[in-house]
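**Q** Handing you a structure now.
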Ligand code: NAD
Ligand code: IPM
Ligand code: MN
């Protein structure tokens, strides 16, 4: 198959982790006889450096004309003084919104090989960690009005968290469909004891659930969910939640599986074109040091194969290669535990790519 993939390296460790993922893409091309046309475009800080704009029109056009987008990570201290509308993070939100990517899947699965890297107690880990966070991605407080104004002689700022019924309905369907293919349980996480947007969220989710009698629905407040993720993560199958809660809970979910460095994500809307990115950021503290874990990005490539291209085998081969490298005891620094061998980002990418033959 021929596929066009827009590739955005981004900032910080972005270029390093993308380089390793491209090695994997090339091996998949060779092994399965596909042709992936990679079109490199800029967004975020790298784009600001080149042309002053965090999200150039060319990037939008290329993404819209591609079959999928692969993104490293954007942002970093160098760009923190940019005006809000030209921050690297806004470019990412712009792409998500312009491509209509309202659904974000973030799998939290503990690799057996990484059990010792989890900060949780052994008996909690033993119960198993394998759930999917289904995060709404183009609504909520991220996309409501952001206002800073002067009132009564002082600055006042507010951000509006807003959801429409249709926005909740479409993401709830994604969660129930996802649960049907897994453990048939959806836990909808909200703050319906305080927020109107959450009350509406809960009402719509209950409505949608009626079409899925085979899926068990429960509700949980977000503060309790944050706690339950540490106490008893085995209870979760699919966590359905709004944009900001999903952002926060997925970082927590990643850490109980050992490290944020291994968690991929898929973002999609109503078409097969998706964007695939690790859930972590540009990690400025380790950028340029060949220390980044490329597995989250490599597994994002696997998700691209599966979700956008229906290449199940290709996805499986990538996942197996990652499993094998972990079996062999190789770890990047963030996954280190007793009796493992710490290697750099490049070597990790090389080893994973080598295992695809
Ligand atoms: P971060 O996720 O970049 O880093 C948090 C911690 O995790 C750091 O200690 C970092 O070294 C570590 N880490 C992250 N990814 C890693 C990897 N692959 N391998 C090893 N260690 C890894 O979060 P932050 O420091 O809060 O944010 C840094 C910048 O990234 C900010 O500008 C932020 O806005 C941006 N950001 C971008 C994205 C994205 O592009 N999708 C996501 C989150 C944060
Ligand atoms: C993520 C990031 C982004 C988000 C930022 C960089 C806009 O944290 O992808 O998790 O909050 O969605
Ligand atoms: Mn995040």
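**Q** Is it true that some residue in the range 322-329 is away from ligand 2 (no atom under 16 Å from the Cβ), farther than 19 Å from residue 9 by Cβ and in contact with a strand residue (DSSP E or B) (Cβ under 6 Å, 6 or more places away or on another chain)?
**A** Yes: one or more hits.
**Q** Still on this model: Being farther than 11 Å from residue 268 by Cα, within 20 Å of the chain's Cα centre (by Cα) and more than 16 Å from ligand 3 (Cβ to nearest atom) is the filter here, so list the residues in the range 98-131 that pass it.
**A** Of all residues in the range 98-131, those farther than 11 Å from residue 268 by Cα come to 98, 106-131.
If we keep only those that are within 20 Å of the chain's Cα centre (by Cα) too, we end up with 98, 106-111, 114, 118, 129-131.
98, 109, 110, 111, 114, 118, 129, 130, 131, listed by residue number.
**Q** Restrict the check to the range 259-275 and report whether at least one residue is assigned to a strand (DSSP E or B), at pLDDT 95 or above, within 11 Å of ligand 1 (Cβ to nearest atom) and crowded, with 24+ Cβ neighbours inside 10 Å.
**A** yes
**Q** Can residue 54 be described as within 16 Å of residue 78 (Cα to Cα) and touching a helix residue (DSSP H, G or I) at 6+ places or on another chain (Cβ under 6 Å)? Full working, then the answer.
**A** On the way: within 16 Å of residue 78 (Cα to Cα): yes; touching a helix residue (DSSP H, G or I) at 6+ places or on another chain (Cβ under 6 Å): yes.
Considered against the rule, which asks whether it is within 16 Å of residue 78 (Cα to Cα) and touching a helix residue (DSSP H, G or I) at 6+ places or on another chain (Cβ under 6 Å), residue 54 comes out as yes.
**Q** May I ask you to list pairs of residues, at least six apart or on different chains, whose Cβ atoms are under 6 Å apart, with the first in the range 1-16 being on the phi > 0 side of the Ramachandran plot and the second being buried (at least 19 other Cβ atoms within 10 Å of the Cβ)?
**A** Matching pairs, first to second residue: 10/44; 10/72; 10/73; 10/74; 12/76; 12/282; 12/283.
**Q** How many of the residues making up the range 73-98 are more than 11 Å from ligand 2 (Cβ to nearest atom), under 27 Å from residue 167 (Cα atoms) and touching a residue at least 24 places away in the same chain (Cβ under 8 Å)?
**A** Result for the range 73-98: 4.
**Q** Only one of these conditions is not met by residue 250: (1) away from ligand 2 (no atom under 16 Å from the Cβ); (2) under 25 Å from residue 335 (Cα atoms); (3) out of contact with any helix residue (DSSP H, G or I) (no Cβ under 8 Å at 6 or more places or on another chain). Which number is it?
**A** Every listed condition holds for residue 250 apart from (1).
**Q** Which of the residues belonging to the range 91-113 are part of a helix (DSSP H, G or I), surrounded by fewer than 20 Cβ atoms within 10 Å (Cβ to Cβ) and touching a helix residue (DSSP H, G or I) at 6+ places or on another chain (Cβ under 8 Å)?
**A** 93, 94, 98
**Q** Something else now. Against the definition (modelled with pLDDT of 95 or more and closer than 12 Å to residue 263 by Cα), how does residue 313 come out, yes or no?
**A** Here the answer is no, as residue 313 does not meet what is asked.
**Q** Could you count how many residues in the range 9-41 are farther than 21 Å from residue 348 by Cβ and within 16 Å of ligand 2 (Cβ to nearest atom)?
**A** Counting residues in the range 9-41 that are farther than 21 Å from residue 348 by Cβ and within 16 Å of ligand 2 (Cβ to nearest atom) gives 0.
**Q** For the range 175-192, indicate whether the set of residues that are farther than 15 Å from residue 249 by Cβ and over 23 Å from the mean Cα position of the chain (by Cα) is non-empty. Step through it out loud before you land on a result.
**A** Let us first name the residues in the range 175-192 that are farther than 15 Å from residue 249 by Cβ, namely 176-185, 192.
If we keep only those that are over 23 Å from the mean Cα position of the chain (by Cα) as well, we get 192.
Within the range 175-192, one or more residues are farther than 15 Å from residue 249 by Cβ and over 23 Å from the mean Cα position of the chain (by Cα).
**Q** Pick from the range 292-310 the residues that are touching a strand residue (DSSP E or B) at 6+ places or on another chain (Cβ under 9 Å) and part of a loop (DSSP other than H, G, I, E, B): which of them is surrounded by the fewest Cβ atoms within 10 Å (Cβ to Cβ)?
**A** That would be 309.
**Q** Within the range 341-353, take every residue that is free of Cβ contacts under 8 Å to residues at least 24 places away in the same chain and over 13 Å from residue 19 (Cα atoms) and give me the one that is surrounded by the most Cβ atoms within 10 Å (Cβ to Cβ).
**A** Among residues in the range 341-353 that are free of Cβ contacts under 8 Å to residues at least 24 places away in the same chain and over 13 Å from residue 19 (Cα atoms), the one surrounded by the most Cβ atoms within 10 Å (Cβ to Cβ) is 343.
**Q** Consider residue 100 carefully, then state whether it is modelled with pLDDT of 95 or more and over 14 Å from residue 43 (Cα atoms).
**A** Yes; evaluated as a whole, the condition is true for this residue.
**Q** Can you report the number of residues in the range 170-213 which are touching a helix residue (DSSP H, G or I) at 6+ places or on another chain (Cβ under 8 Å) and either exposed (fewer than 14 other Cβ atoms within 10 Å of the Cβ) or assigned to a loop (DSSP other than H, G, I, E, B) (or both)?
**A** 5
**Q** Before we move on, is residue 253 more than 16 Å from ligand 3 (Cβ to nearest atom), assigned to a helix (DSSP H, G or I) and either surrounded by 21 or more Cβ atoms within 10 Å (Cβ to Cβ) or in contact (Cβ under 8 Å) with a residue 40 or more places away in the chain (or both)?
**A** Details: more than 16 Å from ligand 3 (Cβ to nearest atom): no; assigned to a helix (DSSP H, G or I): yes; either surrounded by 21 or more Cβ atoms within 10 Å (Cβ to Cβ) or in contact (Cβ under 8 Å) with a residue 40 or more places away in the chain (or both): yes.
So residue 253 does not fit the description; no.
**Q** I need the full set of residues from the range 72-90 which are touching a helix residue (DSSP H, G or I) at 6+ places or on another chain (Cβ under 6 Å) and within 16 Å of ligand 3 (Cβ to nearest atom), in order please.
**A** 72, 73, 74, 75, 76, 88
The values are calculated or read from the model by the stated rules, or taken from the named source; none is laboratory data. Remember, predicted model here, so these are calculated numbers, not experimental data. Here Cβ is always computed from backbone atoms with ideal geometry, including for glycine, and neighbour counts include all displayed protein chains.
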